[in-house]
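Take a look at the structure set out below.
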Amino acid sequence: AGLAYDLQRPTRMPSSLLAAARARPRPHIGSEQLKYQYFVTVHGLTFLPGGTCPSSNLSVLWTRGSKTAITQEAAADAQSRSAIFGQTLTLICTLFRSPSAASSSSGFSEKLCGFALIRHGSRGAQTLAKCKVD
């Protein structure tokens with residue numbers, strides 16, 4: 001088995017596009033970049049009375065930018081209306097500290113991450129709930 005590919009000569013960007021790209025605001029220029037490794041332990045979840053408790057497997061998805069981490073699938077117990085995960089997720093994230101953010105309580109520029117509850121059914125994955133956290 002071989003690998004087939006086309007190699008094309010790079011094209012030069014027109015000067016009008018190049019000038020527009022340079023004029024775009026660059027929010028993190030001049031900021032201090034700091035890398036942190038974050039750990040989140042997903043112990044479990046409980047469905048409120050009166051709501052539907054899904055019978056299919058569930059997982060918790062953590063996203064920050066293009067990076068994701070997801071728990072193993074777990075089934076919710078119909079009796080207790082709970083799903084137990086007991087798993088630790090980890091992501092490496094870059095935070096930016098700029099002079100304008102120094103006045104905020106954390107000193108860092110805002111960067112949201114999201115958590116989503118995913119149901120894995122016969123027709124694929126479906127988001128049941130989600131939230132954003134700074």
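A straight Cα-to-Cα reach below 17 Å connects Lys132 with the lysines Lys67, Lys111, residues fewer than 8 places away in its own chain not being considered. Packing order of peptides 79-85, 31-37, highest average first: 79-85, 31-37 (average count of other Cβ atoms within 10 Å over each peptide's residues).
Highest mean packing first, where packing is the average number of other Cβ atoms within 10 Å per residue, the peptides 66-74, 47-55 line up as 66-74, 47-55.
Phi angles across the range 88-95 convert, under the Karplus curve 6.51 cos²θ - 1.76 cosθ + 1.60 with θ = phi - 60°, into 3J(HN,Hα) values of 9, 9, 9, 9, 9, 10, 9, 10 Hz, Gly and Pro given as x. Count Lys and Arg as plus one, Asp and Glu as minus one, and take only other residues whose Cβ is under 14 Å from that of Ile70; the net charge is then +3. Within the shell of other residues whose beta carbon sits under 14 angstrom from the beta carbon of Cys113, the net charge comes to +3, with Lys and Arg scored +1 and Asp and Glu -1.
Close amide-amide hydrogen proximity is noted between Phe85 and Gly44, Leu45, each under 5 Å apart and 5 or more residues distant or on a separate chain (H modeled in the peptide plane; Pro and chain starts excluded).
Just so you know, all these numbers are worked out from the coordinates, no wet-lab data involved. Note that the structure is a prediction, hence the values are computed from the model and not measured. Don't worry about glycine lacking a Cβ; one is built from the backbone with ideal geometry, like all the others, and counts go over all protein chains shown.
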